[in-house]
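Asker: Got a structure for you, questions after.
Readers should treat all values here as calculations from the given coordinates under stated rules, not as data from a laboratory. No experiment lies behind these values; they were computed from the predicted model shown. When we count neighbours, we look across all protein chains shown, and the Cβ atoms used for this are built from the backbone with ideal geometry, even at glycine.
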Amino acid sequence: MPLSFERSHAEACNVVRAASLSELPGRLRPDVSAVAVDAGNRRRGLVEVLQRTAAAFPAAKMLVVLDAESFHDDRVAAAFPPGRVQSVLVHPIDSAELTEALDRLLLLADFEGRAEQARGESGAEREPYMVGESRRMHETFDCIRRVARTDAPVLITGESGTGKELAARAIHEISDFCGGPFVAINCGGIPTDLIASELFGYEKGAFTGATQRKPGRVETAQDGTLFLDEIGDLPMPVQSHLLRFLQEGTLERVGGVSTLHVRTRIVAGTNVDLKEAVRQDRFREDLFYRLNVFQVEMPPLRERGEDVVILANYFLRRFAGDGDGERIEFSPSAVRMLKAHTWPGNVRELISAVRRGVVMCRHGRITARDLGLDGQDAHDEDTPSTLAEARERAERAAIAKALRRNRSRVGKAAETLGVSRITLYKLMKKYNMANPGEHSCSPDGGHEV
């Protein structure tokens with residue numbers, strides 16, 4: 001697993017290393033909600049660890065990273081717990097690809113936990129799946145509620161990172177298909193020669209390595225919802241098979257001759273203009289119209305107004321919730337930066353910025369500089385907007401300087417500042433300032449006492 005990945009996710013998840021795969025289930029916390037397993041090329045014990053992990057943590061969603069040989073091994077595929085493995089990556093992978101997959105896994109695990117909690121608290125249908133109070137999001141929520149009542153295909157459009165998969169899950173959760181599984185697949189993340197067998201399954205002997213029958217994602221989602229993300233990347237030959245399924249509700253596994261009837265709702269997502277893809281002969285026109293019965297548009301974050309701050313505070317609570325109890329908040333300059341940034345990466349970029357802020361902040365305050373966003377004003381932190389903020393900043397700086405000069409001895413620092421020890425302790429508590437001598441950051445990101 002890339003070291004940069006471990007560092008970037010230090011606040012959001014717990015990275016566990018094990019000498020062997022068989023040790024992994026016993027080292028996980030009992031309340032785990034999402035598990036990412038990087039098996040590398042260690043095929044021995046992989047089947048067992050998947051089964052043991054699924055049994056030990058029945059509510060956890062799983063991401064599995066395999067080598068190419070294991071990916072094609074039917075014994076490994078058969079061991080995957082139905083509906084539990086949300087994503088599979090094949091080596092070689094980079095940190096960006098792994099980060100995106102895990103962000104998706106964490107968001108979905110969080111979504112399902114909140115949805116279950118909301119159902120238990122209210123006993124009625126609610127929409128806990130997405131956060132937002134802007135007019136654009138209220139329009140989106142209303143559209144989701146309307147299309148969820150039907151069994152027709154839905155096309156979700158929007159830029160990358162706007163939350164298309166969460167919208168698809170929301171549709172599933174409040175539809176008549178909610179009793180079945182929700183299965184998601186990224187059409188652009190699977191090699192062209194494997195996508196047909198991945199979607200529609202295959203029979204024993206269909207190709208080299210097909211030692212037993214395997215159902216595809218369409219069958220796995222029986223009586224539920226199949227989300228086809230990045231549908232625009234689907235190869236033209238596979239588009240024909242999908243069109244047939246949408247028209248007739250039937251499919252044939254690769255290498256098979258039997259026609260299977262499957263009841264699965266199709267929801268597709270795309271960040272490209274499918275009409276333009278049709279004009280360029282990259283997407284079938286008849287398939288486009290079959291998918292585009294209902295369309296849900298996910299607005300970009302830059303058009304969602306105050307939702308940016310609402311979402312930022314939501315992710316702040318999530319990433320800082322497992323800390324040592326110190327309250328973390330955004331400084332006024334950070335809030336201004338959140339509002340001013342154009343967010344080309346949408347919610348995914350916001351998640352990364354907040355995660356970075358939690359790691360980089362000092363004294364419980366995330367500044368604009370901590371967010372690490374491009375185009376920030378380097379002097380923003382030196383220009384307080386109110387007298388109260390200016391005084392607070394000056395007091396913080398004076399206290400920090402006095403503590404450093406007096407080697408973190410509070411009594412001496414209080415004498416330097418001309419206040420009593422009790423007053424200094426109160427000010428440190430007010431500003432969430434820990435004594436630098438109590439905890440210092442070590443080079444590996446941990447803490448030395």
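Asker: Tell me, what ³J(HN,Hα) does each residue in segment 150-163 have, in order and in whole Hz, if you take phi through Karplus 6.51 cos²θ - 1.76 cosθ + 1.60 with θ = phi - 60° and put x for Gly and Pro?
Answerer: 9, 10, 7, x, 10, 10, 9, 10, x, 5, 4, x, 8, x
Asker: Related question: Per residue of segment 134-139, what does 6.51 cos²θ - 1.76 cosθ + 1.60 with θ = phi - 60° give for ³J(HN,Hα)? Whole Hz please, x for Gly and Pro, Karplus curve as stated.
Answerer: Coupling constants for segment 134-139: 6, 4, 4, 6, 5, 5 Hz.
Asker: Working out 0.36 nm times the residue gap between ARG263 and ASP151, then minus their Cα-Cα distance, what length gain in nm do you get to one decimal?
Answerer: Details: separation 112, 0.36 × 112 = 40.32 nm, distance 1.00 nm.
Between ARG263 and ASP151, full extension yields an extra 39.3 nm.
Asker: How long is the gain from LYS204 to GLU276 if the chain were fully straight, where each residue apart is worth 0.36 nm and the alpha carbon distance is subtracted?
Answerer: Details: separation 72, 0.36 × 72 = 25.92 nm, distance 3.91 nm.
Answer, rounded to one decimal: 22.0 nm.
Asker: Please list, in order along segment 276-283, the HN-Hα scalar couplings obtained from phi with the Karplus expression 6.51 cos²θ - 1.76 cosθ + 1.60 (θ = phi - 60°), rounded to whole Hz, x for Gly and Pro.
Answerer: Once rounded to whole Hz, the list reads 5, 5, 5, 4, 8, 6, 9, 8.
Asker: How do 268-281, 228-241 rank on mean C-beta neighbours within 10 Å, highest first?
Answerer: On the way: 268-281: 16.2, 228-241: 17.9.
Sorting 268-281, 228-241 by mean packing, highest first, produces 228-241, 268-281.
Asker: Just grab the label-to-label distance for GLU303 and ALA340, each label 7 Å out from Cα along the Cβ direction, in nm (one decimal).
Answerer: In this crude spin-label approximation the distance works out to 2.4 nm.
Asker: Taking amide H positions as placed in the peptide plane 1.01 Å from N, state which residues far from ALA34 in sequence (5 or more) or on other chains have amide H under 5 Å from it.
Answerer: Under 5 Å from the amide H of ALA34 lie the amide H atoms of LYS61, each far enough along the sequence or on another chain.
Asker: Then there's this: Between VAL254 and residues 5 or more places away or on another chain, which pairs have amide H atoms under 5 Å apart, with H built 1.01 Å from N, and which residues are they?
Answerer: GLY201, TYR202, GLU203
Asker: Place a +1 charge on the Cβ of each Lys and Arg in segment 223-269 and a -1 charge on the Cβ of each Asp and Glu, then give the dipole magnitude about the Cα centre in debye, rounded to the nearest 20. Mind showing how you got there, number by number?
Answerer: Numbers: 4 positive and 6 negative charges, 39 e Å.
The dipole magnitude comes to about 180 debye.
Asker: In addition: Which value results when the Cα radius of gyration for segment 127-299 is divided by 2.2 N^0.38 Å? Walk me through the numbers before you get to the answer.
Answerer: Numbers: Rg = 16.2 Å, N = 173, 2.2 N^0.38 = 15.6 Å.
For segment 127-299, the normalised Cα radius of gyration is 1.04.
Asker: Where the only charges are on Cβ atoms (+1 Lys, Arg; -1 Asp, Glu), what is the dipole of segment 177-242 about its Cα centre, to the nearest 20 debye? Before the final figure, lay out each step's value.
Answerer: Values: 4 positive and 8 negative charges, 55 e Å.
Roughly 260 debye, rounded to the nearest 20.
Asker: Go through LYS401/LYS426; LYS164/LYS275; LYS61/LYS214; LYS61/LYS164; LYS214/LYS275; LYS401/LYS430 and tell me which ones have a Cα-Cα distance over 23 Å in this structure.
Answerer: Values: LYS401/LYS426 17 Å; LYS164/LYS275 19 Å; LYS61/LYS214 21 Å; LYS61/LYS164 19 Å; LYS214/LYS275 34 Å; LYS401/LYS430 17 Å.
Listed pairs above 23 Å: LYS214/LYS275.
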